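Q: Got a structure for you, questions after.
Please treat every number below as a calculation from the coordinates, not as lab data. Note that this is a predicted model, so its numbers are computed, not measured. With ideal geometry, Cβ positions are generated from the backbone for all residues, glycine too; neighbour counts draw on all protein chains shown.
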């Protein structure tokens, strides 16, 4: 049995009922397999004992002591139990707030294990945060290294540990190892059952290190198998050479009211050079928000269209599809290029008409969301596929669009800059073009921080921008009111903002609004009829309104760094000075402080991407590479584990060179997992 096959519900483990299971569900743990892959975030070493006397210096002790006295302190109406212990080196008091029940379990004279944090209070060494257990030869939580899991306040570590122990006892004997013994031996890696047991309950630090290395290796191994196989497959695909003329591209370029930036020029030449290869193009075009990637993509499509081919341009949202379609129509229709928007909101009759035109080759450039690869969509001569914000699409979604043609060229685009180490990992099989220079005249967005309660200055600043004829965004983390979170939300704040700015039209947009209504609102905002747009992060991608010079992001600490940068990119899209105001709650985590500090200090998307990796790991950048839930990175970190990644890649390349189809018996389980990834729909 593979670890990924353990689908038994968490409730099949002893002691986990429906109520407890709901707490597990909040952590994303629904099956026993999920539980076994819920790895500890830290460990508490109770295998080494330290005395109470040492706690004076370290603040911690794990010791064997004798209870010398028990009494109560506090008011008679609300007494608090106090347990005095002595381990032969020092006397200490355990103050049992909320744990008076311990008086029924312990009594003076008993020998106990104790571990806790100690400090001097009122002239005595004491602890309010401690674990106590009767002394036995086989203690439950002492003499060992204990895991500390990511959890919620409703799910104690003791319940998590018991559940994991039960799962290990029941399933480890049944577990198969997907990696071949020869590979494990060559890398001195322990078998999977041994590694799983040691990652959760390590017998010692050396065993923990070996277990972590083994589990990280396995996750990186399957990631590299996917990437290397894709590269090998692409090298075997050949297409008939075609001459792609550039007359149309030059005519459109001459019509532009501005020159291309050097990086745009370079990217355009790199893409065109790919068309001369007998192998299909596979290129990633990355650039910061507002750097002009869409223009490069549209210009890159023109030689294909001039040669009589069709181009499909897929984007993640209807809003972005609408904007790209309008941009393409304005730019290209004067030159006789036929563009179309295949929207999900099309009425059946209009959809049939458009699909018929696409099939007959009467549409040169088709722009849409996932509708582009619907079963009823067929192309006459599709040769180039462009995918914008590609990490928001899964492997199978991209594959289904590519299947609409025979080995078409592929241009992936992302406005989420990808650090070099990650780019080589995820897209090592692709060529890469990067746009760093911004169009001339653009000014960096000035970012200001404001704590909640002092945002009136922000509102006044926005008012001054509105008086200049400019527009503004207000962004909130929630659509409506939440019973659990005391956060401002878009639906309530739109009413406040209408009262605050009565002279200007204020509109609300979020994911629950019907697509037709969203399109109407966005058109009015782009035309300037709507002056203030209240939204959620639905506007994160692609909204381009040059007269919008202010964005106010309230509860900014609730957004990830990449999202904050994308949202900030909605302004600063002209030569006007633009501003981003990040309004935050006073009670910030260290991670939230780091995010806001980064946003304040830089507007460089590449630096922000590096910082985002340091703070939270690869996150959504992986989504377009590994969408299958059973192959997600749970313990590996692409930057931290980069040295190991290079070694893994060598192993994978050597293995696939010997057995490209993974047909050898020792590679059967590798093939099984990879085939599931190929078939599994994107999440």
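Q: Measure nothing fancy, just the Cα-based angle from helix 293-306's long axis to the longest principal axis of the chain, in degrees from 0 to 90, nearest 10.
A: Taking the Cα atoms of the chain, the angle to 293-306 is about 40 degrees.
Q: Right, here's the next one. With a 10 Å radius around each residue's Cβ, average the other Cβ atoms per peptide and rank 324-331, 666-673, highest first. Could the numbers behind the result be given before it?
A: Working: 324-331: 18.5, 666-673: 16.9.
Per-residue Cβ counts within 10 Å, averaged per peptide and sorted highest first, yield 324-331, 666-673.
Q: Can you tell me the order of 500-506, 607-613 when each peptide is scored by its average per-residue count of other Cβ atoms within 10 angstrom, highest first? Provide the component values of the computation, followed by the final result.
A: Values: 500-506: 14.4, 607-613: 21.0.
Highest to lowest by the protection proxy: 607-613, 500-506.
Q: How much of the DSSP bridge set in the chain is antiparallel, in percent, rounded to the nearest 5?
A: Working: 35 of 89 bridges.
Bridges in the chain that DSSP calls antiparallel: roughly 40 percent.
Q: Here's another thing I want to ask about it. 222 nm [θ] for the chain, helices only, -39500 (n - 2.57) per DSSP H run of 4+, per residue, to 500?
A: About -11500 deg cm²/dmol.
Q: What does the extension gain come out to for residue 604 and residue 503, with contour length at 0.36 nm per residue minus their alpha carbon separation?
A: 32.8 nm
Q: For the chain, take the longest principal axis of its alpha carbons; what is the angle in degrees between that and the long axis of helix 668-679, to the nearest 10 within 0 to 90?
A: On a 0 to 90 degree scale, this one is about 50.
Q: Could you tell me the extents of the chain's C-alpha atoms along the three principal axes, largest first, rounded to whole Å?
A: Computed over the Cα atoms, the extents are 95, 71, 45 Å.
Q: Oh, and also: What FRET efficiency comes out for the pair residue 279/residue 436, r = Cβ-Cβ distance, R0 = 35 Å, nearest 0.05?
A: The computed FRET efficiency comes out at 0.80.
Q: Hey, can you rank 24-35, 584-595 by average C-beta count inside 10 Å, highest first?
A: Going by the mean number of other Cβ atoms within 10 Å, highest first, we get 24-35, 584-595.
Q: If you don't mind, another one. Provide 39, 149 in ascending order of the number of other Cβ atoms located within 10 Å of each residue's Cβ, fewest first.
A: 39, 149
Q: Relative contact order of the chain: what whole-number percent is it, with Cα pairs under 8 angstrom and at least 6 residues apart?
A: 12 percent.
Q: Here's another thing I want to ask about it. Based on DSSP, what percent of beta bridges with both residues in region 49-160 are antiparallel, to the nearest 5?
A: On the way: 30 of 32 bridges.
Taking every DSSP beta bridge within region 49-160, about 95 percent pair in antiparallel fashion.
Q: A follow-up question, please. How big is the Rg/Rh ratio for region 48-143, C-alpha atoms only, Rh by Kirkwood, two decimals?
A: 0.95
Q: Against the longest principal axis of the chain, how steep is helix 590-601, in degrees 0 to 90 to the nearest 10, with axes from Cα atoms?
A: 30 degrees
Q: Take every Cα pair under 8 Å in region 48-143 that's 6+ residues apart, average their separations, divide by the length, and report that relative contact order as a whole percent.
A: 28 percent
Q: Fewest first, what order do 599, 493 take by the number of other Cβ atoms within 10 Å?
A: So the residues, fewest neighbours to most, are 493, 599.
Q: Give me the base-10 log of I(q)/I(0) for region 188-253 at each q in 0.15, 0.18, 0.22 Å⁻¹, Debye formula, one uniform scatterer per Cα, rounded to two decimals.
A: For region 188-253 at q = 0.15, 0.18, 0.22 Å⁻¹, log10 I(q)/I(0) is -0.65, -0.77, -0.87.
Q: Separate question: Could you work out how far the C-alpha centroid of region 42-109 sits from that of region 433-504, in angstrom?
A: 52 Å
Q: Compute the length gained on full extension between residue 233 and residue 77: take 0.36 nm times their separation in residues and subtract their Cα-Cα distance, giving the result in nm to one decimal. Before the final figure, lay out each step's value.
A: Numbers: separation 156, 0.36 × 156 = 56.16 nm, distance 7.60 nm.
Full extension from residue 233 to residue 77 adds 48.6 nm.
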